[in-house]
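Enquirer: Quick one: the structure is below, questions incoming.
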């Protein structure tokens, strides 16, 4: 037997010990489980980062977001428009130094296609306090089919460094339960 | 050439004077950059700890950039250059191929380092370690990184040339030792890594000069070919150091050369997948790309680490058993030399790397689970367990052998050196577990003010997060004490320490 | 000669391991390492637990596709 700093002499391609062989097989089986879970979750799971993905010019994305805001705006808060789109629609969120526009008012258990992109540098979409995270890359439209499963007042924290004002970049999503009055779950001044 | 060798009285290895000098120079620069990165680490941590909140926003992000570059690039690569010279020239009794080029490359790396340090401290490169385009730094910053990378690539070439020289001059018989084999895989991965580095930093340099465009998503894709592959250099180098420390401290045997070497080869073959883990919630790539590139269907690099996770401790166990420590299941571990900082570093490095860093890393690197991990504190929690408590701690442990063997000095403040790995390991364990836990609540990484005091909307983190961040800070401070002891002990030993007894110089 | 400030692996280097690969020949080369076998299965258990706890955590968040 030799240590790791001695040159093995002669032929060292020999059968491994039983215990070592057993561990390699068990570890490999576990690796296959690790792999299988990912395709499996695409079929059985409710959370996948697939989305509808396009390249988009930042100006074009901003124009579409503005069009979206104009169509569904219901108010304004801290200079950020509040938008209440119909369930099932395409909704837009743009990150720019250092804010998220607009504030979204969504309905619980309705599906939306949430398009996220950036006007300038990379930003990070973190839905607080649920802890859902996506990378927001300028030039790319990430269209995620999103179904809010709980009502509440949520924040969008930027979690990709985007310059000196990074820590000021907080947005808002309000999810209202259809059974309640939409005004009571709040947000609009 | 023969006149420039000395024979090591401990190992009987012939050490080439140029190898001696190159190892020393690289180790010294590594320690200096570790000190810079370490001071930045403490400042960053004391800012994230909202109760102290030390730095201004500007200096926080600047220090975070300085911390990342010094630790992940300069400290670790200078140390790895030393490991490459050790694993080739010293372990194979060989001369260093092209020593003049080796010193030239070292100079190039130092020059690149100085340029990058200057741009960062001058506030011309507040772009963090990842420098995601279109966040822009001065062209000098990218130029400095390129010079450093070219120097490192040349050292890797010299490593391969030294392997050829040793084989041709028949300085050893049989196959290269496992540690050299592992270092060679690290070197191969380094070529892949530095290739990606050239492919991204050169266009980015031109972009910063206004000469071309760089797509933000393409940047992320290629940059992580550098960013994560470089961590795989660390893994391969660290595992080599594990085998080295096992051999030095308790005469750990290699259970089966075939299995251990095959595992190293898996690192080389399945390395590029690691980069995909950073892009799992990116808009540029589809699910098929993500699933395939995360795993290549079989997670064979994870398998490689799990194999080493068996063979390294089993090598220690068998090494102890064949020397008579055969009682029960764990006499080999109980009666191990726990007072030897080389041994304690080895064990803590294996355990924290595997149990904390490895498990969290593979879990967060799953396509869907990444949704609840990406860019939260879970990510730095993971990689502080791998690269700090794993790689850096293993490198610290091997330093306690390098100083007597290469620098020919006794270790100063020996009692402090003995407890250093304990402080560092316990501190980093608390630190990384607490950080990971805080990230589970969605606490963002790379963030100056988690109270969002000036933000347009209020954000209230649960008090649990404040508590956990406090725990993280305590752990980090313990680790910082351990790191400071390491620097004091090594610097003192090398420059002011007592020489090893006479008669040992050839 | 006792050496202050030198790791035991240098002061008293481990004696060479006995030659021969046949310590446990019928089960392949190497030898029995029962302690490590237990440790690696503790590791695997921790791995499996953490991995599936995270899938569970993921299943609690909004539906996203």
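Each value in this text was obtained by applying a stated rule to the coordinates, not by laboratory testing. As the structure is a computational prediction, the values presented were derived from the model and not from experiment. Cβ placement follows ideal geometry from the backbone for every residue including glycine, while neighbour counts extend to all protein chains displayed.
Enquirer: Calculate how steeply helix B:393-405 sits against the longest principal axis of the alpha-carbon atoms of chain B, using the helix alpha-carbon long axis, and give the answer as 0 to 90 degrees to the nearest 10.
Expert: Orientation of helix B:393-405: about 30 degrees from the principal axis.
Enquirer: Within the stretch A:62-88, name every residue whose backbone N is under 20 Å away from a label modeled 7 Å from Cα of residue A:110 along the Cβ vector.
Expert: Under 20 Å, as judged by backbone N against the label point of residue A:110, lie A:65-77, A:81-88 of the stretch A:62-88.
Enquirer: Suppose R0 equals 60 Å; then what is the FRET efficiency for residue B:164 and residue C:63 from their Cβ-Cβ distance, rounded to the nearest 0.05?
Expert: Here the calculated transfer efficiency is 0.55.
Enquirer: How far, in nm, would the chain grow between residue B:212 and residue B:454 when pulled straight, counting 0.36 nm per residue and subtracting the alpha carbon separation?
Expert: Between residue B:212 and residue B:454, full extension yields an extra 83.4 nm.
Enquirer: Using a Förster distance of 30 Å, how high is the FRET efficiency between residue B:52 and residue B:422, based on the Cβ-Cβ distance and rounded to 0.05?
Expert: Rounded to the nearest 0.05, the efficiency is 0.70.
Enquirer: Let me ask another. Please tell me the relative contact order of chain B in percent, rounded to the nearest whole number, where contacts are Cα pairs under 8 Å and at least six residues apart.
Expert: Taking the mean separation of contacting Cα pairs over the length of chain B, I get 15 percent.
Enquirer: As a footprinting exposure proxy, order B:124, B:409 by other Cβ within 10 Å, with the fewest listed first.
Expert: Ordered from fewest to most neighbouring Cβ atoms within 10 Å, B:124, B:409 come out as B:124, B:409.
Enquirer: Let me know the mean shielding of B:276-288 by other chains, meaning the per-residue number of their Cβ atoms within 10 Å of its Cβ.
Expert: The mean count of partner-chain Cβ atoms within 10 Å per residue comes to 6.
Enquirer: Could you put B:69, A:38, B:298 in order, starting from the residue whose Cβ has the fewest other Cβ atoms within 10 Å?
Expert: Taking fewest neighbouring Cβ atoms as first place, the list is B:298, A:38, B:69.
Enquirer: Mind running the shape call on the protein assembly as shown? Use the C-alpha gyration tensor, a ≥ b ≥ c as the square roots of the eigenvalues: rounded below 1.5 for a/c, prolate if a/b tops b/c, oblate otherwise.
Expert: prolate
Enquirer: Here's another thing I want to ask about it. Given the rule -39500 (n - 2.57) for each run of at least 4 DSSP H residues, summed and divided by the residues of chain B, what is its mean residue ellipticity at 222 nm, to the nearest 500 deg cm²/dmol?
Expert: Mean residue ellipticity at 222 nm (helix-derived): -21500 deg cm²/dmol.
Enquirer: Then there's this: For chain B, find the longest principal axis of its Cα atoms and tell me its angle to the long axis of helix B:216-250, 0 to 90°, nearest 10.
Expert: Roughly 30 degrees between the two axes.
Enquirer: Would you mind pulling out the separation of the Cα centroids of the stretch B:449-506 and the stretch B:282-326, in Å?
Expert: Computed from Cα coordinates, the inter-centre distance equals 28 Å.
Enquirer: Going by average Cβ density within 10 Å per residue, which order do the peptides B:130-139, B:392-401, B:152-161 take, highest to lowest?
Expert: Per-residue mean Cβ counts within 10 Å order the peptides as B:392-401, B:152-161, B:130-139.
Enquirer: Taking the number of other C-beta atoms within 10 Å as the exposure measure, put B:340, A:109 in order starting with the fewest.
Expert: Listed from fewest to most nearby Cβ atoms, that is A:109, B:340.
Enquirer: Using a 10 Å cut-off around each Cβ of peptide B:65-77, what is the average number of partner chain Cβ atoms that fall inside?
Expert: 0
Enquirer: Enter the mean number of other protein chain beta carbons within 10 Å of the beta carbon of each residue in A:117-124, as an integer.
Expert: The per-residue average across the peptide is 4.
Enquirer: For the Cα atoms of chain A, what angle does the longest principal axis make with the long axis of helix A:18-44, in degrees from 0 to 90, nearest 10?
Expert: 20
Enquirer: Further question on the same structure: Report the calculated FRET efficiency for residue B:136 and residue B:199 (r = Cβ-Cβ distance, R0 = 30 Å), to the nearest 0.05.
Expert: Computed FRET efficiency for residue B:136 and residue B:199: 0.95.
Enquirer: Highest mean first, how do B:248-257, A:115-124, B:454-463, B:477-486 rank when packing is the count of other Cβ atoms within 10 Å averaged over residues?
Expert: Top to bottom by mean Cβ count within 10 Å: B:248-257, A:115-124, B:477-486, B:454-463.
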